[in-house]
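The values are calculated or read from the model by the stated rules, or taken from the named source; none is laboratory data. As the structure is a prediction and not an experimental result, all values here were calculated from the model. Note that each Cβ is placed from the backbone with ideal geometry, even for glycine, and that neighbours are counted across all protein chains shown.
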């Protein structure tokens, strides 16, 4: 679909769709997850624990259960789905946009938790120093808090991306299996296995396996190096 | 403090905490170094944090040289970043993700109004940082890091410097390393400084004015010479009690290597060479180094024997009394035993001779 011949092997379409989905989801999660994580790191509301639990739910919830509720929520009669139809005239379920929204819920804890940990470990005294040096709270956030939480951001980005890339159950429930629209790599692998086309299944699986290994390896190396400074 | 019409900082703060309350109403001149002295828990740091806007007092009014920075009654309170202050904390608080140069530039870049601002090179030079600019904060010694922190605060072009025991976290050697820089700061820059300390030596060396705090209240405030000789403050009557006197260099005895320092009550002679002829400097005389006699001792190794009048006698705890003496228009204190006081039959108004064992030149 991108017209690059070298990547035009069977299954390249689903692979690119997955990369796009994971990329967009990661960007959205960093934008949405950062203020949420900052708020969780600093709030003293008694609802904090309840909200933290809610955010963490996708870690333990079976993807099919989550997918089922998201299907209802995003469907044309669901709260989000109905609003989407009114605004855009299209349905969310079985569309790429629907997948992005579903993935954001599904991968939320993988973005919020590393960020929240990083923000909680920040030395508030550094922020005080920044304010007294003339930085507005927003300026101090970007010039001191963000760079000092770089490790948290890296972990959030890597984990959200990798976790979304391997998504299966939620996608199947919400997005189905539409080539070029919702057929992501994990579903393509499932298809190939169903058709007993093991060679193709291997090719795609190895790509995911190597990718998962390399991202984790890089993350561990970077984290260790950061620890030693 | 009686500051008349000259530029000053007015601060009035009240604040309630579970185990602490602050209630102060204070005027501080917009010049020189004002020491805020007291034991830990006396509220010194809280005062600085209120001035910086880092605390939310229940009542607050802050007027800096006529500009209202805070007046809670009128719902006025500048945000922290809008207050032109340079805050030097107890620990350097350098940004570890930036090198020394970028740390120094942090406040500089965020200060648009550059009036009475200092040049980058001038401050780097003043604090001796030129060789450190490319280092990471983790590669600095404690003393170096604190010097960077002071420079960073100065480059903010502050109307008011706030220094919270900047030397407390350093050992003796590091302190001695920083002190000359603070002296230079005092001598070369006109920015007023509020200097919090619990160390009377530091205060005597650096400060022109002194505020004494206890339990969130101000016990005394004024020129350091007059506050130090108030005998009603137990905080100032301990081992380290003493006085500060301004002197002028009158001469140097090259043969004996002694400097003569004139003051209103006569002349001090101190070993070593200090300043040029006519230079103004100040000396500190510890009350423990002062003894009194009725008649001029005929043979004594003590160089400094000065006539003075007993102004006040104040018993302090145990066997000791504090005596305040007037020599010319300067005052000094003696910390002597109650028995000596009785044997000499000292009374207010008596003329005595003051023997001073050591005069420390700042």
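Some notes on this structure:
- Index of the failed condition, residue B:120 passing every other in (1) more than 9 Å from chain A (Cβ to nearest Cβ); (2) farther than 30 Å from residue B:198 by Cβ; (3) at pLDDT 95 or above: (3)
- Failed item, numbered, when residue A:151 is tested on (1) more than 30 Å from residue B:88 (Cβ to Cβ); (2) touching a residue at least 40 places away in the same chain (Cβ under 8 Å): (1)
- Subset of the stretch B:280-294 that is at pLDDT below 90 and surrounded by fewer than 16 Cβ atoms within 10 Å (Cβ to Cβ) - its residue that is farthest from the chain's Cα centre (by Cα): B:280
- Residue list for the stretch B:29-52, filter: within 14 Å of chain A (Cβ to nearest Cβ) and out of contact with any strand residue (DSSP E or B) (no Cβ under 7 Å at 6 or more places or on another chain): B:49
- Of all the listed residues (A:180, A:134), the sole one being on the phi > 0 side of the Ramachandran plot and within 14 Å of chain B (Cβ to nearest Cβ) is A:134.
- Residue match in the stretch A:207-220 (condition: exposed (fewer than 13 other Cβ atoms within 10 Å of the Cβ) and more than 21 Å from the chain's Cα centre (by Cα)): no
- Per-region count, the stretch B:92-110, residues surrounded by fewer than 17 Cβ atoms within 10 Å (Cβ to Cβ) and either within 9 Å of chain A (Cβ to nearest Cβ) or touching a strand residue (DSSP E or B) at 6+ places or on another chain (Cβ under 7 Å) (or both): 2
- Looking only at residues of the stretch B:73-82 that are under 24 Å from residue B:195 (Cβ atoms) and at the interface with chain A (Cβ under 8 Å from one of its Cβ atoms), we find that the one that is surrounded by the fewest Cβ atoms within 10 Å (Cβ to Cβ) is B:81.
- Count - residues of the stretch B:56-72 that are within 23 Å of the chain's Cα centre (by Cα), surrounded by fewer than 20 Cβ atoms within 10 Å (Cβ to Cβ) and under 18 Å from residue B:156 (Cβ atoms): 1
- Strands (runs of 3 or more DSSP E) wholly inside the stretch B:1-65 that include at least 3 residues being at positive phi and assigned by TED's automatic domain parsing to the domain that holds residue B:221: none
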